[in-house]
Structures are given as structure tokens and as C-alpha cells.
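Okay, so here's the structure we're looking at.
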Amino acid sequence: MKLSKYILSTDSLEEVGLNNKRIIFSTRSATSILIENEIFDNLSNGNFNSVAPELLTVLNEKEFLVPIEQDEFEHIISTNKGVKDASNFLSMTIQPSANCQLGCGYCGQNHSKHYASDSVIEKYYERIVYLLSQKKYEGISITWYGGEPLTGYSAIKKTSKKLIQLAEERGLKYVSDMITNGLSLKPSLFKELAEECKVTHYQITLDGNAESHDQRRFTKTGDPTFDIITKNIIDVTSMKEYYDNRCHISIRVNIDKTNYQYVDPLIDFIKDTGLQRKISMYFATIVDFGGNDAGKDSLQKNFFAEKEIEWLLRCYENNINMNVMPKRTYSVCMAEKKDSEVFDAFGNIYACWEFPYSDVYGAGDSLIGNLFFPKETYNENATLRDWNEMLQSGKTWCKTCTHLPICGGGCPKSWVEGTPACPPFKSNYKDKLLLDYFIRKQSEQGATNTFA
Ligand code: SF4
Ligand code: SF4
């Protein structure tokens, strides 16, 4: 055996009282272990005989140690392929509305008052029936995206009814989630979405507290939205239906130089309004959207990574759910899954949910086809579908990157646009390993949430 090349390590942890120790992390198994420096040196030097057999067994199981002859990159690629081939959920994204009430400066979409008509809905249905006939599936997963999907609520309701019935007839599971701006997510609408349309997971964006959010995520007529959206979140998460249907709201915070100062106040707002434990939070950088220069105010990657640790710690201290560590990623996103498609309100089909309604990606090579045309006319090699070949060709940094098994390449669209898609974890993994270690330690000890 040999030490895997897919291992990350903290420095020696004297500063936090863990003398002569470090945390090592296998990106192949997404597992971390606290280990003595001396043992790590022995492993690095191939002195496996000096390491206790019980520990060697664990290191083997968790893929820190791998067969000596194994080409690890090829192994990762073929394991990913196996998992993707075995995947038995048909995952589709539907963007039933080309409209959105908001006028966010960083959005790269062209909005129009166009919603999926009954004939388009029928085409969604026919295409899904066709795809279900191509492989044995156990379930259907639908993500609703926009424009703002709730401006096309009538189409969501009609499509969900047909697909839920289809799933029932065929004994398939049915799951659904939604990316929404939250402006229309009133309790009565939420109840229908959760109970009739089976939409249980929601992602809602808040760009800092009201002072910051309202400067960025205002309506097309310039009106503020923070108070309306947060009232909706508070109301919805207080409902019995939120718990009965195991619903979850994840709050995304889009961050750049102009609003990073307002993330702490947002975290405090979440706590002060009692939303902690009812929602989760995560933090994202703003990037260009097909050359719209939205990323012109992006924070330096390292600075964002440093701030992210502070925000995660603040969330933890305030009992707000968040994820510190990445998981093993077998598929980077829908773009590389041939049976995963995005439908827009006009019946266009794409491989990436950022393509519809965009000047740059709306037509041409990015378009797979249109549901009103025969499938023989569809472009199987539409933009991004070749992500695996791109990965293997070494055109991106991913082929030689230690993070590949947990990252998968970040975002293929970003690489195609010439922007490395490396997530903050690449810059702040040492801090995250330590934060994760202390969180797990404290939860084992049942201690209160403070590192003091
Ligand atoms: S390519 Fe990027 S933007 Fe498109 S679906 Fe994948 S992760 Fe999302
Ligand atoms: S996107 Fe960056 S961090 Fe992810 S695998 Fe590629 S090079 Fe590594």
C-alpha cells in the first residue's frame, strides 16, 4: 500500500493545545483523523511497520492508504462514473417562468412576462415520460428555478400534479425543491407547495441585513424586499406544515466587497428573530454571469475564505445550522449528467440552470434543443456536457488537484468562462478541519456552544 495523494493536513496544532498532533483529511472518503505528527511522518515515509495495526486498518478503510499500483485519478473518475451510472433518480430542473419581480444588479437573465403554457407543460411531461423509459429509475426529482419560479405558480401546480400522479402510477418516489427569492412565499402558498406540489426544500437569498439587502435585491420598481421576505420566512417556519412535511429553508448570502460587512448583522438578525435551528445558512461569492461583469466587486479568494470561517463560527455560536466540511462529490452538477435537463418556459432544453433567459447562453451551442422539435434534432454535445472529457484532458487544474474527490471541479460553466471555480475550502481547509474537530468534540461532550 501507499499513502494516498488525496490527503490534506493541518499544521502541527500546538497553538490550540494539541501538542505534536495534526488533523489529516482524506478527500477520497471525506474523513478526518487527529494523528500524532510522528505517525504521519512514518506514513509519509512509507514506514508502515512502525504504525499500530489497528490504526492501519482504519487508514485503509478510510482510503488514506491505497493499493500501491493504483492510479488514483483514474480510480476517482471510474468510481464517479459508476456512481452516476447507478444513480436511479431522474433529476430535472424546470424554469416555468421567464419573469422575476426583482432587479438585482448581478443577475444575468433577461426577464419577460412569459410563463409555461399548458402545451409547454404537456411537453415537459412527455419528455420526462420518454427519459423514464430509457433506464430503470426509482424516483423523480424536480428543482424549480427561474426567473422567479413562483411568478409561474400556476404552471408549477399543474406540472407537479401530472408528475406526482405519474410517479404514483409507476411506483416511483417523488421529491422536489425550489430556488426562490421568497417574496411570494406566503403561508397559504407554502401550504399548497408543501402538501400538493411536494416542494419541501427551499433556497432563499438574503444579501446581508435590510440595509445591505435592499440596496441589491430590490424590486424592478425599486422597492425594498428584506422585510417582506424575512416575514415570509418567519411565518412559514412557524407553520405546522413546515415540520410535518420535513421542509427546510436554506439561506444563501451572495457576498462581494460591497456587502461583506453586513453578513454579521444578518447572522445576528437570524438569531434575534428565533430562526436559528429552523433554517440553515451558507455563503457564496458573486461571479460574472456570461460576461455581465457581476464579479467586478468580488472579494479576493483568500479574504473571502478567512471571512467565511468567521461567519461559520458566528453561526455555530448562535446555533444556526451550517455545513463546515464538504462531502465526497461523485457528480459535480447536473451539467455532466446526460439524463439531467433544464426546461425553460418556452420549452428550450439546456444542460445548466444558468443558461435559460441569458443573452450569452440562451441560444447556439448551449441549447440542447426545444421540446416542440423531434428529439433527433437535439444537440447531445451542448456546452458543458463534455465536462468529464475536459476534466480528464487537464485543461483545468482539477486533474492534479488534491481536492478533486470532494470538489468535482466546482462549476463547469465557470471554467468554460475562464474563471477557476475553486471553492473557499481550497483556501481555508486547515481552519475548517480545526473548526469541524472542535464542533464534533463539543457535541460529544455535550458542551455549550462556545470555544472560550
Ligand atoms: S455548470 Fe455551474 S452554474 Fe451550471 S448547473 Fe453546474 S454548478 Fe450550476
Ligand atoms: S475547481 Fe479548483 S479545488 Fe476544485 S478540483 Fe478543480 S482545481 Fe481543485
Please work out which one of (1) of a type in the set (S, T, N, Q); (2) assigned to a helix (DSSP H, G or I); (3) open to solvent by 10 Å² or more (accessible area, probe 1.4 Å) is the condition residue 258 fails and give its number.
-> (2)
Taking the stretch 138-163 as the search range and keeping residues that are among the hydrophobic types (A, V, I, L, M, F, W, C) and within 13 Å of residue 90 (Cα to Cα), which one is nearest to the chain's Cα centre (by Cα)?
-> 142
Which members of the stretch 323-345 meet the condition of being surrounded by fewer than 19 Cβ atoms within 10 Å (Cβ to Cβ) and away from ligand 2 (no atom under 16 Å from the Cβ)?
-> 323, 337, 338, 339
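Does the stretch 216-233 hold any residues that are assigned to a helix (DSSP H, G or I) and either open to solvent by less than 50 Å² (accessible area, probe 1.4 Å) or without any contact (Cβ under 8 Å) to a residue 12 or more places away in the chain (or both), and which are they?
Within the stretch 216-233, 216, 226, 229, 230, 231, 232, 233 qualify.
Considering only residues of the stretch 410-448 that are of a type in the set (A, V, I, L, M) and open to solvent by 40 Å² or more (accessible area, probe 1.4 Å), which is nearest to ligand 1 (Cβ to nearest atom)? So that I can check it myself, show each step before the final result.
Taking the stretch 410-448 first, the residues of a type in the set (A, V, I, L, M) are 416, 421, 433-435, 439, 447.
Narrowing the set further to residues that are open to solvent by 40 Å² or more (accessible area, probe 1.4 Å) leaves 416, 447.
Details: 416: 8, 447: 37 Å.
By that ranking, first place goes to 416.
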State whether one or more residues within the stretch 355-369 are in contact with a Pro (Cβ under 6 Å, 6 or more places away or on another chain) and modelled with pLDDT of 95 or more.
-> no
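Given the structure, is residue 77 within 17 Å of residue 162 (Cα to Cα) and either open to solvent by less than 60 Å² (accessible area, probe 1.4 Å) or in a loop (DSSP other than H, G, I, E, B) (or both)? Don't jump to the end; show me each part of the working.
On the way: within 17 Å of residue 162 (Cα to Cα): no; either open to solvent by less than 60 Å² (accessible area, probe 1.4 Å) or in a loop (DSSP other than H, G, I, E, B) (or both): yes.
Spelling it out, it is not the case that residue 77 is within 17 Å of residue 162 (Cα to Cα) and either open to solvent by less than 60 Å² (accessible area, probe 1.4 Å) or in a loop (DSSP other than H, G, I, E, B) (or both).
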Would you tally the residues in the stretch 8-40 being within 33 Å of the chain's Cα centre (by Cα) and more than 16 Å from residue 437 (Cβ to Cβ)?
-> 3
When residues of the stretch 236-255 are filtered for being open to solvent by 50 Å² or more (accessible area, probe 1.4 Å) and outside any strand (DSSP E or B), how many remain?
-> 5
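Could you grab me the full set of residues in the stretch 25-50 that are over 19 Å from residue 12 (Cα atoms) and surrounded by 14 or more Cβ atoms within 10 Å (Cβ to Cβ)?
Here is the first cut: in the stretch 25-50, the ones over 19 Å from residue 12 (Cα atoms) are 27-30, 46-50.
Across the stretch 25-50, the qualifying residues are 27, 28, 29, 30, 48.
Restricting attention to the stretch 387-406, report how many residues are surrounded by 20 or more Cβ atoms within 10 Å (Cβ to Cβ) and either in a helix (DSSP H, G or I) or away from ligand 1 (no atom under 13 Å from the Cβ) (or both).
Just the residues of the stretch 387-406 that are surrounded by 20 or more Cβ atoms within 10 Å (Cβ to Cβ), to begin with: 387, 391, 396, 398, 403-406.
Applying the additional criterion that residues be either in a helix (DSSP H, G or I) or away from ligand 1 (no atom under 13 Å from the Cβ) (or both) yields 387, 391, 398, 403-406.
Within the stretch 387-406, residues that are surrounded by 20 or more Cβ atoms within 10 Å (Cβ to Cβ) and either in a helix (DSSP H, G or I) or away from ligand 1 (no atom under 13 Å from the Cβ) (or both) number 7.
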Residues in the stretch 360-380 that are exposed (fewer than 13 other Cβ atoms within 10 Å of the Cβ) and either in contact with an Asp or Glu (Cβ under 7 Å, 6 or more places away or on another chain) or closer than 27 Å to residue 288 by Cα (or both) total 4
Does the stretch 406-418 contain at least one residue that is modelled with pLDDT of 95 or more and under 12 Å from residue 325 (Cβ atoms)?
-> yes
What is the residue count in the stretch 155-164 for residues that are open to solvent by 30 Å² or more (accessible area, probe 1.4 Å) and closer than 21 Å to residue 246 by Cα?
-> 2
Breaking point among (1) touching a strand residue (DSSP E or B) at 6+ places or on another chain (Cβ under 7 Å); (2) surrounded by 16 or more Cβ atoms within 10 Å (Cβ to Cβ); (3) under 25 Å from residue 399 (Cβ atoms), for residue 22 = (3)
Residue 379 without any contact (Cβ under 8 Å) to a residue 24 or more places away in the chain and over 25 Å from residue 439 (Cβ atoms) | yes
Give the residues of the stretch 409-427 that are part of a loop (DSSP other than H, G, I, E, B) and either closer than 16 Å to residue 302 by Cα or within 7 Å of ligand 2 (Cβ to nearest atom) (or both), sorted by residue number.
-> 409, 410, 419, 420, 421, 422, 423, 424
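For the subset of the stretch 268-322 comprising residues that are among the aromatic types (Phe, Trp, Tyr) and open to solvent by 20 Å² or more (accessible area, probe 1.4 Å), which member is nearest to the chain's Cα centre (by Cα)? First the steps, then the outcome.
Within the stretch 268-322, the first condition is being among the aromatic types (Phe, Trp, Tyr), and the residues that meet it are 269, 282-283, 289, 303-304, 311, 316.
So of that shortlist, the ones also open to solvent by 20 Å² or more (accessible area, probe 1.4 Å) come out as 269, 282, 289, 303, 316.
Details: 269: 24, 282: 10, 289: 17, 303: 21, 316: 20 Å.
Within the stretch 268-322, the match that is nearest to the chain's Cα centre (by Cα) is 282.
The values are calculated or read from the model by the stated rules, or taken from the named source; none is laboratory data. Nothing here was measured: the structure is a model prediction, and the numbers come from that model. Cβ coordinates were reconstructed from backbone atoms using ideal geometry, including for glycine residues, and neighbour counts include every protein chain displayed. The accessibility values were calculated without ligands, DNA or RNA, using every heavy atom of the protein model including side chains. Shrake-Rupley method; radii C 1.70, N 1.55, O 1.52, S 1.80 Å.
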